[in-house]
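I have placed the structure first, in the form of structure tokens, so that the comments after it can refer back to it.
The values are calculated or read from the model by the stated rules, or taken from the named source; none is laboratory data. Keep in mind that what you see is a predicted model, and the values were worked out from it rather than measured. Note that we place each Cβ from the backbone using ideal geometry, even for glycine, and neighbour counts take in every protein chain shown. We work out accessible area using only protein heavy atoms, side chains counted, and drop any ligands, DNA or RNA first. Shrake-Rupley method; radii C 1.70, N 1.55, O 1.52, S 1.80 Å.
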Amino acid sequence: MHWDEIAIFIVVGGFVTLIGVFAARWRRGDLDRLEEWGLAGRRFGTVVTWFLLGGDLYTAYTFVAVPALVFGQGALGLFALPYTIIVYPLVYMIMPKLWSVAKERGHVTPADYVRDRFGSRFLALLIALTGILATMPYIALQILGIAVVIQVLGIDIELALVISFLVLAAFTYVSGLRAPALIAVVKDTMIWITVIVAVIAIPAKLGGYGAVFAKVPAAKLSLSPDLFAGYSTLALGSALALFLYPHAITGTFASGSRRVIRRNAAFLPAYSFLLGLIALLGYMAIAAGIKPLAPYGANSAVPQLIQFAFPTWFAGFALAAIAVGALVPASVMSIAAANLFTRNIWNEYVHRNAPPREEAQVSKIMSLLVKVGAVGFILVPGLTQYAITLQLAGGVWILQTLPAVFLALYVPWLDRNGVIAGWLAGMAAGTYWLVANGFTSSLATYPIGGPAGTRLYIGLVAFAINLVVVTAWSVATRYAGAAPDRAEEGAATSA
């Protein structure tokens, strides 16, 4: 056990817990109302939104999963860089419009929008269930990131995870979205300090960047031709999926205005630069001769590299930064999933038109249960080898909501039944290929491009099937003379 590092880790953890609990008093609101507990009253400005979305989107995926994939598979792991570059122009175009519709019509979740847009409780239920399903493995990735740090510190994993869960549950329950928003300021500051020091100090310790790359096998420095299509489809599919996740939409809906969202679409690429620096840590771990720890394999590369390169006081600080970097998004994700359950399952099928206090209470309780359910994904054999597989599996599912959520904003003639049929086709195809791969890879080989076939991202292929079904059905319905299925035309076309 690394007692010096553990002491610093505990101090940082205690500080973060106090901030999370105090957040209930920050920008006071009635936390017995779901819009205040789950969206912080939709009042966050540019700076707070930048930290919240940065803390929400750049998670243990960034600090553990991406460098782990670079460490184990080489250049394939760098697909995360173009994907985060592609996504922000899409955010600039789409999210201000979705925010405006949600603000005007009181939507808390993307499924609320779908319910209003198509006049279908059933389609809204499908979108809500998909959002919850896709969020669970993403929360599991955050828990896995914390577990890896705990293992490297030498702490009993079961005990530490229980404590971490209780801390996360406490400030989420008490303060709602205000807690991760306030903690994100601390988390991002710690991460930026850690990464800037790491990309200067670690190469210096290893003899410079030239020496680092000289020790990396040539096969890991470049992408083999058979992975070109897989790399490209991973980047494009991940970009299309990112802001469909409930936690990304929740962070956006909490913004105070359209202008705030546009500013953040311009400023958030700074985190892509940070991601690029973090990805290089995978190569540095190879050069340092890091040996992965069982049972988490390559996911332990960066925490071990930190212990190798830094004195105990800074290693403790850096490892705490990674753990806090997982707590913040896990909190937002659990809130987003809980809101989906409350608004689109509880309110629709258990207690219609529940009073505001009951809505908030159900969402608070559900935010605890979602975290428990997420642990189940970690227990699936093979998923802990590369943590990024958890996020990519969620991406396969959440991509299937794109026609109902994003496309419906711009295409008024989409048919409700066509969207349902497309969702069913995409979910069935994507889940089949994930199961066929044993959930250990999000790339599958398809019979195109030659006898050997081509490896592509499962989520994008499933989405293409979904889109073909939606389009064909909607066009056929339109030309058959039927009116498009939507409850309120204004819900689709409001600016």
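Does the range 460-495 hold any residues that are buried (at least 19 other Cβ atoms within 10 Å of the Cβ), at pLDDT 65 or above and among the aliphatic types (A, V, I, L, M), and which are they?
460, 461, 462, 469, 470
Restricting to the range 280-300, name every residue that is modelled with pLDDT under 90 and under 24 Å from the mean Cα position of the chain (by Cα).
Correct list: 295, 296, 297, 298, 299, 300.
Looking at the structure I just gave you, is residue 135 modelled with pLDDT under 95 and assigned to a helix (DSSP H, G or I)?
yes
What pairs come out if I take residues in the range 349-373 that are closer than 11 Å to residue 172 by Cα and pair them with residues that are open to solvent by 70 Å² or more (accessible area, probe 1.4 Å) whose C-beta lies under 9 Å away, six or more apart or interchain?
Going by the 9 Å Cβ cut-off, the qualifying pairs are 364/173; 365/173; 367/173; 368/173.
Can you tell me which residue within the range 291-305, out of those that are open to solvent by 10 Å² or more (accessible area, probe 1.4 Å) and not in a strand (DSSP E or B), is nearest to residue 16 (Cα to Cα)?
304
Which of the residues belonging to the range 193-219 are open to solvent by less than 60 Å² (accessible area, probe 1.4 Å) and hydrophobic (A, V, I, L, M, F, W, C)?
195, 197, 198, 199, 201, 202, 206, 211, 212, 216
Determine whether the range 77-95 contains at least one residue that is within 16 Å of residue 336 (Cβ to Cβ) and of a type outside the set (A, V, I, L, M).
Looking through the range 77-95, none of the residues is within 16 Å of residue 336 (Cβ to Cβ) and of a type outside the set (A, V, I, L, M).
Just to be sure I understand, how many residues within the range 140-172 are free of Cβ contacts under 8 Å to residues at least 40 places away in the same chain and of a type in the set (Gly, Ala, Ser)?
1
How many of the residues in the range 308-347 are among the β-branched types (Val, Ile, Thr) and outside any helix (DSSP H, G or I)?
Here the count works out to 0.
Please indicate, with yes or no, whether at least one residue in the range 71-80 is touching a helix residue (DSSP H, G or I) at 6+ places or on another chain (Cβ under 7 Å), of a type in the set (S, T, N, Q) and open to solvent by 30 Å² or more (accessible area, probe 1.4 Å).
The answer is no; no qualifying residue exists.
Return the residue satisfying two criteria in turn: it lies in the range 11-39 and is among the charged types (D, E, K, R) and assigned to a helix (DSSP H, G or I), and of such residues it is least open to solvent (accessible area, probe 1.4 Å).
To start, the set of residues in the range 11-39 that are among the charged types (D, E, K, R) comprises 25, 27-28, 30, 32-33, 35-36.
With assigned to a helix (DSSP H, G or I) added as a condition, the list becomes 25, 35-36.
Values: 25: 151, 35: 72, 36: 31 Å².
Once the filter is applied, the top-ranked residue is 36.
Evaluate the range 269-277: report whether one residue or more is under 12 Å from residue 198 (Cα atoms), modelled with pLDDT of 90 or more and open to solvent by less than 20 Å² (accessible area, probe 1.4 Å).
Checked the range 269-277: no residue is under 12 Å from residue 198 (Cα atoms), modelled with pLDDT of 90 or more and open to solvent by less than 20 Å² (accessible area, probe 1.4 Å).
Of (1) of a type outside the set (S, T, N, Q); (2) over 30 Å from residue 351 (Cα atoms); (3) surrounded by fewer than 22 Cβ atoms within 10 Å (Cβ to Cβ), residue 103 satisfies all except one. Which?
(2)
Answer yes or no as to whether residue 119 is crowded, with 24+ Cβ neighbours inside 10 Å and either in contact with a Cys (Cβ under 9 Å, 6 or more places away or on another chain) or under 30 Å from residue 415 (Cα atoms) (or both).
The answer is no for residue 119.
Among the numbered criteria (1) assigned to a helix (DSSP H, G or I); (2) more than 24 Å from the chain's Cα centre (by Cα), which one does residue 426 miss?
Residue 426 satisfies all of (1) assigned to a helix (DSSP H, G or I); (2) more than 24 Å from the chain's Cα centre (by Cα) except (2).
Select from the range 152-166 the residues that are at pLDDT 80 or above and crowded, with 20+ Cβ neighbours inside 10 Å and list them in ascending order.
152, 153
Output the residues belonging to the range 433-478 that are assigned to a loop (DSSP other than H, G, I, E, B) and more than 29 Å from residue 141 (Cα to Cα).
Correct list: 447, 448, 449, 450, 451, 452, 453.
Please list, ordered by first then second residue, the pairs with beta carbon atoms under 6 Å, 6 or more apart or interchain, first in the range 114-132 and among the small types (Gly, Ala, Ser), second surrounded by fewer than 21 Cβ atoms within 10 Å (Cβ to Cβ) and not in a helix (DSSP H, G or I).
Within 6 Å, the pairs are 119/487.
Failed condition for residue 45, given (1) at pLDDT 90 or above; (2) open to solvent by less than 20 Å² (accessible area, probe 1.4 Å), with all others met?
(2)
Restricting the first residue to the range 459-475 and requiring it to be within 25 Å of residue 436 (Cα to Cα), which pairs with a second residue that is of a type in the set (Phe, Trp, Tyr) meet a Cβ separation below 7 Å and a spacing of at least six or different chains?
461/446; 466/423
Could you tell me whether the range 399-415 includes any residue that is modelled with pLDDT under 85 and open to solvent by less than 40 Å² (accessible area, probe 1.4 Å)?
no
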